[in-house]
């Protein structure tokens, strides 16, 4: 809720914002702090003089819930502090619960002696009323009239609540986002402009990304090599993953969009690929953020290493993203595996926030993911969990309208992507802000692709007129003569490069087509249908590097069946079911990789089998 009230001391209006929270104790704490920080940031309130937060705790939850400590810990970090919070702790040493836990429980079952004592107590209201009447401050009649008046207000409100027509979305919004939606709370359009940008902007950002825009600043020699690499790519009109991200952020800053990137090692990048903060090798704690030196009138860029917390920090960034739609707020897990420490925020706020509280939120989760032999703790962002919580209907055959792509995005509860090219990553980040509404975006980001020689994109895929590709179809020899294709492999993410390499080694470029699913949810029914129809004689296969009970197969399989009217099976190729998301044994990893790649290109693998 969002209300204006009069401060009777100063006679000035103050805005009171009540953040919606779930029944999960203390989960809202970091969300409130993040929203407070954002409101301070947009008002230039560096000292916390204009915006403050108040948190109300139960005494047992205050001591028992770890997220309380995680939230306290953020107060010492420059990019997270709100310069003080008022904490109100309801303490049962000075008060008591007159009835049971939810006002209807029978507390005598478990605390008989205490509740016998409580039942003998005169209620506080009666004690206070008797005192005022005895003093002559009020009369008995005035007291009874006040009680009757309050009861009448409650009864009238209860009566009105039965009328569904009185529900107004604006009553539920803690951040109204004035001017972003129509007066009825709907988007102003159902279109999204192309996300490509002029080449001169790409070139300028690339030049700044490969330079040190501060004089007498000594960078590490290893970093000099990285910057030279960026300069060379810019000259040859190509980008890798890190440079594509740089260009997405930089272009949004040029358009006045504030960008905030937060996480445990985001300044450098977990895999030492980002380097958005340069450190002077001669002067202690002297740093430079080149992204803030792109244009004189650009929006500010905030990149900040967080505390070693997922629950508290993701909640904080979610709250930060609530304050304004004109910002790109991203949280990056050190590895995608670690997001489950913040599962409460994902389940209770991000996945369900709009359905429960009509709250749009454009937060972006960057979750490094990929089976690369690093073991069960550093391999999987658990895509199956995000897909299981996606609300699109696997059995509903969609109607393909002119605005189908954007309508799908508007109807979903979040967007799940696994990009295989730097250009598509660039586009999906820009699309997140250019959409006429806000949805959470889950991106499974690569690790080995950060330096893969084939994982590069041309400026031609990023310039004006280009946009995000939900599906990247086969464009090689197989696409030239689709009638000869015997197998069409669908996949997503990094495994594409393994498949292409294996296909080449077996000389099957004309017989096997490989199509990449870049946006997994909402499912691109229209484009998948088009691809399948292009290869009418081909066997359809879904290939993933994850284990069968994980990954994407359980999500995509029924949707393939729906769009193909159950006329053609979609065979599974990948690792066998397992309890752990990945093996910790390097040899076992390589053996299982070879096994599913062999199956993917064995054109007799499914002969005689029933689906």
Among the residues of the range 333-351, how many are buried (at least 24 other Cβ atoms within 10 Å of the Cβ) and not in a helix (DSSP H, G or I)? 1
Among the residues of the range 538-555 satisfying the criterion of being in a loop (DSSP other than H, G, I, E, B) and either within 23 Å of the chain's Cα centre (by Cα) or at pLDDT below 95 (or both), which is nearest to residue 398 (Cα to Cα)? 552
Of all residues in the range 457-477, how many are touching a residue at least 40 places away in the same chain (Cβ under 8 Å), part of a helix (DSSP H, G or I) and more than 15 Å from residue 428 (Cα to Cα)? 2
Exactly one condition in (1) more than 20 Å from residue 309 (Cβ to Cβ); (2) under 19 Å from the mean Cα position of the chain (by Cα) is false for residue 35; which is it? (1)
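Only one of 82, 71, 36 is in contact (Cβ under 8 Å) with a residue 12 or more places away in the chain, assigned to a loop (DSSP other than H, G, I, E, B) and in contact with a strand residue (DSSP E or B) (Cβ under 9 Å, 6 or more places away or on another chain); which?
Only one candidate qualifies: 82.
Out of the residues in the range 106-127 that are surrounded by 12 or more Cβ atoms within 10 Å (Cβ to Cβ) and out of contact with any helix residue (DSSP H, G or I) (no Cβ under 6 Å at 6 or more places or on another chain), state the one that is farthest from residue 60 (Cα to Cα). Explain how you work it out, then say what you get.
Initially, the range 106-127 is screened for residues surrounded by 12 or more Cβ atoms within 10 Å (Cβ to Cβ), giving 107-108, 111, 114-115, 118.
Then drop every residue that is not out of contact with any helix residue (DSSP H, G or I) (no Cβ under 6 Å at 6 or more places or on another chain), which leaves 111, 114, 118.
On the way: 111: 17, 114: 18, 118: 20 Å.
Checked the range 106-127; the qualifying residue farthest from residue 60 (Cα to Cα) is 118.
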Working only within the range 444-483, note down all residues that are farther than 26 Å from residue 226 by Cβ and surrounded by fewer than 14 Cβ atoms within 10 Å (Cβ to Cβ). 464, 465, 475, 480, 481, 483
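Suppose we filter the range 76-86 for residues that are within 21 Å of residue 261 (Cα to Cα) and at pLDDT 95 or above; how many remain? Reasoning before the result, please.
In the first step, residues of the range 76-86 are kept if they are within 21 Å of residue 261 (Cα to Cα); the result is 76-83.
Going one step further and asking which of them are at pLDDT 95 or above, we end up with 77, 79-83.
Matching residues across the range 76-86 total 6.
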Take the residues in the range 567-588 that are surrounded by fewer than 19 Cβ atoms within 10 Å (Cβ to Cβ), touching a residue at least 12 places away in the same chain (Cβ under 8 Å) and farther than 15 Å from residue 551 by Cα, then tell me which one is farthest from the chain's Cα centre (by Cα). 568
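Scan the range 285-296 for residues that are at pLDDT 95 or above and out of contact with any strand residue (DSSP E or B) (no Cβ under 6 Å at 6 or more places or on another chain) and jot them down. Spell out the reasoning first.
Within the range 285-296, the subset at pLDDT 95 or above is 286-296.
Within the range 285-296, 286, 289, 290, 293, 294, 295, 296 qualify.
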Considering each residue of the range 324-349, count those that are more than 11 Å from the chain's Cα centre (by Cα) and either farther than 27 Å from residue 250 by Cα or modelled with pLDDT under 95 (or both), and give that number. 9
Selection over the range 129-146 where residues are surrounded by 12 or more Cβ atoms within 10 Å (Cβ to Cβ), without any contact (Cβ under 8 Å) to a residue 12 or more places away in the chain and closer than 25 Å to residue 96 by Cβ yields a count of 4
Given the condition out of contact with any helix residue (DSSP H, G or I) (no Cβ under 6 Å at 6 or more places or on another chain) and either within 23 Å of residue 378 (Cβ to Cβ) or without any contact (Cβ under 8 Å) to a residue 24 or more places away in the chain (or both), answer yes or no: does some residue in the range 245-252 qualify? yes
In a helix (DSSP H, G or I), surrounded by 13 or more Cβ atoms within 10 Å (Cβ to Cβ), without any contact (Cβ under 8 Å) to a residue 40 or more places away in the chain and over 31 Å from the mean Cα position of the chain (by Cα), is that true of residue 151? no
Checking residue 102 against (1) exposed (fewer than 10 other Cβ atoms within 10 Å of the Cβ); (2) not in a loop (DSSP other than H, G, I, E, B): exactly one of these is not met. Which one? (2)
Selection from the range 509-531 of residues under 18 Å from residue 606 (Cα atoms) and either surrounded by fewer than 23 Cβ atoms within 10 Å (Cβ to Cβ) or touching a residue at least 60 places away in the same chain (Cβ under 8 Å) (or both) yields 511, 512
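Which of the residues belonging to the range 546-557 are surrounded by 15 or more Cβ atoms within 10 Å (Cβ to Cβ) and in contact (Cβ under 8 Å) with a residue 40 or more places away in the chain?
Correct list: 546, 550, 551, 552, 554, 555, 556.
Residue by residue through the range 496-508, note down the ones that are part of a helix (DSSP H, G or I) and in contact (Cβ under 8 Å) with a residue 60 or more places away in the chain.
From the range 496-508, those part of a helix (DSSP H, G or I) are 496-506; that's our starting set.
Correct list: 496, 497, 498, 499, 502, 503, 506.
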Looking for something assigned to a strand (DSSP E or B), in contact with a strand residue (DSSP E or B) (Cβ under 9 Å, 6 or more places away or on another chain), within 20 Å of residue 245 (Cα to Cα) and touching a residue at least 60 places away in the same chain (Cβ under 8 Å) - is there at least one such residue anywhere in the range 317-324? no
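The values are calculated or read from the model by the stated rules, or taken from the named source; none is laboratory data. Note that the structure is predicted; figures quoted are calculated from it, not measured. Virtual Cβ from ideal backbone geometry, glycine too; neighbours counted across all protein chains shown.
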